[in-house]
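The structure under discussion appears below in the form of structure tokens.
The values are calculated or read from the model by the stated rules, or taken from the named source; none is laboratory data. As the structure is a computational prediction, the values presented were derived from the model and not from experiment. Every residue, glycine among them, receives a Cβ derived from its backbone with ideal geometry; neighbour counts consider all protein chains shown. Accessible surface is based on the protein model in full, side chains and every heavy atom, while ligands, DNA and RNA are left aside. Shrake-Rupley method; radii C 1.70, N 1.55, O 1.52, S 1.80 Å.
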Amino acid sequence: MTQDSFFETLEQQYKNQLPFVVYSRAINSVIKCWLQNDAALHTTSDFSENGFVFAPFDLNNKSILLPERDCEHLTLEISNLGLDEDFKTTSTENKGEAEHIKLVTKGVDTIKNGDLEKVVLSRKVEKDLENANPFTIFKRLFNTYKNAMVYCWYHPKVGLWLGATPELLFKVEGKQLTTISLAGTQPYEADAEVTWTSKEYKEQQIVTDYITKQIEPYTSTINISEVETVRAGNLLHLKTYIHSRIKRESSLKSVIKALHPTPAVCGFPKETSKQFILKNENYNREFYTGFLGELNLKTSKTRNTNRRNVENNAYAVVRTHSNFYVNLRCMQLKGHRAMIYVGGGITKDSIPQKEWEETVNKTKTIANVLS
């Protein structure tokens, strides 16, 4: 399938107001597309189905499912998407500085009082668009953010979302579970020496310790990598891989409930920080800091029992895999306006003014593809 026919099909699906998702995983030249054949709204609560899931920050709300059986599937292999335009990035007006600083100050005070160890506080930035075509924005995201999972997701009864998220919530291949802890943020500067503060390393360690403790009841053989610095667009983060094996008696839902939301998007302790967010942020995150991705898709691998007689001793091993990404660096489109969602982790050492500046830098990361 050519690039033109691929996106013409997507344009027609959107024009017909039918659900779809188009996405590409990090460091991948394959773009996948799911086109639901009707406008029905499907949801999941136990994550036992096969499909593509779009889950909110608060799992008390519905997780949307595009069922695999109800979708047409298209694939495009390409390393760079051609654009018929030259676009110039424009500045985004960041309003609400005083309100966000007040919110962060309240978070720091709550932590110092001993009620929390960390809380992630966010805000929503609105921007007018000259070109609100979601597929043009998706192409820019794909061309710009090679180290991220980029996507465009639409359901007429829910809304239109796009993003370029660097953060894997977790992936499962058979029983093998891989997740990451990602925290700490600083602007990327070419040729500059990268240094991290103790506050940022502590923030990263909180996430790593929390994830390890949360998965212990459901997994075995946990291995933790060294901390490394990774780049996402014009930002740098601290990252650690955590590998383990899901126990036979553990369900996918139990792993999801154990890991979502992580301290990287919510805080610690989880339930206390979540309630602080719901009470004090004064807006609905909806699917921002939720997760999205492939759910229980089947893969077959041929295994040989006798190397000398491959043809007669081969059999298929059918396994399922799931890949979920945290919905960060994202936006929601409503008409000719983009709602950009940004936030940052707050600890007792946080300086409110610097936390505001961090959200401004994160706004630039996603706003750079808008004109």
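Numbers below:
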{"read-out": "Inter-residue pairs, beta-carbon under 6 Å, first over 16 Å from Phe324 (Cα atoms) and in contact (Cβ under 8 Å) with a residue 24 or more places away in the chain and in region 16-45, second open to solvent by 60 Å² or more (accessible area, probe 1.4 Å) and assigned to a loop (DSSP other than H, G, I, E, B), 6+ apart", "value": "Ser29/Ser79; Leu41/Lys157"}
{"read-out": "Answer residue from region 204-244, given it is open to solvent by less than 30 Å² (accessible area, probe 1.4 Å) and of a type in the set (Ser, Thr, Tyr) and is farthest from Ile256 (Cα to Cα) among those", "value": "Thr240"}
{"read-out": "Residue that is surrounded by the fewest Cβ atoms within 10 Å (Cβ to Cβ) [pool: residues in region 152-190 that are of a type in the set (Val, Ile, Thr) and closer than 30 Å to Asn16 by Cβ]", "value": "Val158"}
{"read-out": "Any hit, region 96-112, residues being at pLDDT below 95 and touching a Leu at 6+ places or on another chain (Cβ under 8 Å)", "value": "no"}
{"read-out": "Those strands (runs of 3 or more DSSP E) lying entirely in region 28-80 with at least 3 residues modelled with pLDDT of 95 or more and open to solvent by 20 Å² or more (accessible area, probe 1.4 Å)", "value": "71-77"}
{"read-out": "Some residue of region 133-146 being polar (S, T, N, Q) and in a strand (DSSP E or B)", "value": "no"}
{"read-out": "Output for region 201-225, where each listed residue is of a type in the set (Lys, Arg) and out of contact with any Ser or Thr (no Cβ under 9 Å at 6 or more places or on another chain)", "value": "Lys213"}
{"read-out": "Pairs with Cβ under 7 Å, 6+ apart, first in region 336-359 and in contact (Cβ under 8 Å) with a residue 24 or more places away in the chain, second of a type in the set (S, T, N, Q) and surrounded by fewer than 17 Cβ atoms within 10 Å (Cβ to Cβ)", "value": "Pro352/Thr105"}
{"read-out": "Long-range neighbours under 6 Å by Cβ, at least six apart or interchain, first residue modelled with pLDDT of 90 or more within region 168-193, second in a strand (DSSP E or B) and of a type in the set (Gly, Ala, Ser)", "value": "Val172/Ser322; Leu177/Ser244"}
{"read-out": "Selected residue [in contact with a strand residue (DSSP E or B) (Cβ under 9 Å, 6 or more places away or on another chain) and at pLDDT below 90] from His155, His237", "value": "His237"}
{"read-out": "Positions within region 122-147 being touching a strand residue (DSSP E or B) at 6+ places or on another chain (Cβ under 6 Å) and open to solvent by less than 10 Å² (accessible area, probe 1.4 Å), in sequence order", "value": "Ser122, Val125, Pro134, Ile137, Phe138, Leu141, Phe142"}
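Per-residue answers, yes or no, for (1) closer than 26 Å to Val150 by Cα; (2) surrounded by 19 or more Cβ atoms within 10 Å (Cβ to Cβ); (3) aliphatic (A, V, I, L, M); (4) modelled with pLDDT of 95 or more:
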| site | (1), (2), (3), (4) |
| --- | --- |
| Gly293 | yes, yes, no, yes |
| Val317 | no, no, yes, no |
| Trp356 | yes, yes, no, yes |
| Leu370 | yes, yes, yes, no |
